[in-house]
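The values are calculated or read from the model by the stated rules, or taken from the named source; none is laboratory data. None of the values given here were measured: they were computed from a predicted structure. Cβ sites come from the backbone with ideal geometry, for glycine too, and all protein chains shown count toward neighbours.
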Amino acid sequence: MAGTDQTINIVIPPQASNYRAAEAYKTLRSNIQFCGADNKVILLTSSIPNEGKTTVSIMLADAFAEMGKKVLLIDADLRKSILMKKLQISVKRLRGLSHYLSGQQELTDVIYGTNVPNLHLILTGPVPPNPAELLGSGLMGKTLEALREVYDYVLIDTPPLGSVIDSAVLAQYCDGAVMVIDADTVSYRLAQRVKEQLEKSGCKILGAVLNKAPMDKKSMSGKYYYKYYYGEYQDRYLERPGENG
C-alpha cells in the first residue's frame, strides 16, 4: 500500500529534547511492546480535553519510529483536532480521514509521509456532520485490518471519551487502548467510567499514562511518579479512590 507522494514537514514537540520526558516515552514504548506483538492497532484516549493525549500520541509515535518501526499516526479526533497545531503543520487543504471515510478520496490519497523517518500521518480532514458514524463504519474496520499488514504500529489519537462516544465506537476495531490521565485534574470516578466504556467495546485496555505529574524529588517518591501503568498495575491505580479523588 503506497501513500501519497507528498511529504509533510512536522515539528515534534520539545519534550523530545528533554531527557527525562524522552526516557519516559521510551519506557512507555517498551511496556507496550511487552504487552504482546499482536497489539499493533492502538487507540489513545482521555477522559476530558487538555490532558495531553495528543502530545502523548505524537511522542509515542516518534519513539517507535526512532527505533526503526514503521508507524502510522491517525488523527481520529474529527470534532476538534489539535494535532496539526501540535506538529506545526502549515500546509492547507490537506486530504484527511473524513475525506476517505465519506468516499471522496482513496486511502492512499490521505496517507502522508513526514520528514521524520518511518513516520506517516493520516490527518482529520474537514469536520463531518456524523463523526461517530464514520468512525464506527465497516469501512473503518476493514481499513485498520489492511493497515496492520503494512505498518508495525498504527496509533490512533481519538477524542476524550468522557466527552463524546467516538473513542468507544472506534475501539471495537483496535487491538488495545491506552488512557491518558491528568494527574491533578481527573477524578477516580470519571476515569473509572471511561475505563468501563472502553471495556464495553471489547477493546483490551493496555494501561494508562499518568500525565502532567509533578517531577520534583518529593513527588517522584510518592504517588505521582511519572510512569506507564499496564496490566494489573493499571487496575491497581484505578482502584485507589482515596488517592485519586
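Things worth noting here:
- Segment 26-66, subset surrounded by 22 or more Cβ atoms within 10 Å (Cβ to Cβ) and of a type in the set (D, E, K, R), residue nearest to L121 (Cα to Cα): D62
- Residue tally, condition within 17 Å of the chain's Cα centre (by Cα) and either part of a helix (DSSP H, G or I) or under 13 Å from F64 (Cβ atoms) (or both), over segment 23-40: 12
- Condition check for E196 on (1) in contact with a Pro (Cβ under 6 Å, 6 or more places away or on another chain); (2) modelled with pLDDT of 80 or more: one failure, at (1).
- Of the criteria (1) out of contact with any Leu (no Cβ under 6 Å at 6 or more places or on another chain); (2) touching a residue at least 24 places away in the same chain (Cβ under 8 Å); (3) farther than 25 Å from C35 by Cα, which one Y112 fails: (1)
- Within segment 170-199, the set of residues being within 26 Å of A37 (Cβ to Cβ) and without any contact (Cβ under 8 Å) to a residue 60 or more places away in the chain comprises Q172, K195, E199.
- Evaluation of N130 against (1) touching a Gly at 6+ places or on another chain (Cβ under 8 Å); (2) more than 21 Å from I42 (Cβ to Cβ) (one fails), failing number: (1)
- From the list A61, A37, A65, the lone residue that is modelled with pLDDT of 95 or more and more than 24 Å from A191 (Cβ to Cβ) is A65.
- From K86, K92, K70, K80, residue being basic (K, R) and under 18 Å from L170 (Cα atoms): K80
- Cβ pairs under 7 Å, 6+ apart, first in segment 122-147 and within 12 Å of I74 (Cα to Cα), second at pLDDT below 95 and of a type in the set (S, T, N, Q): T124/S81
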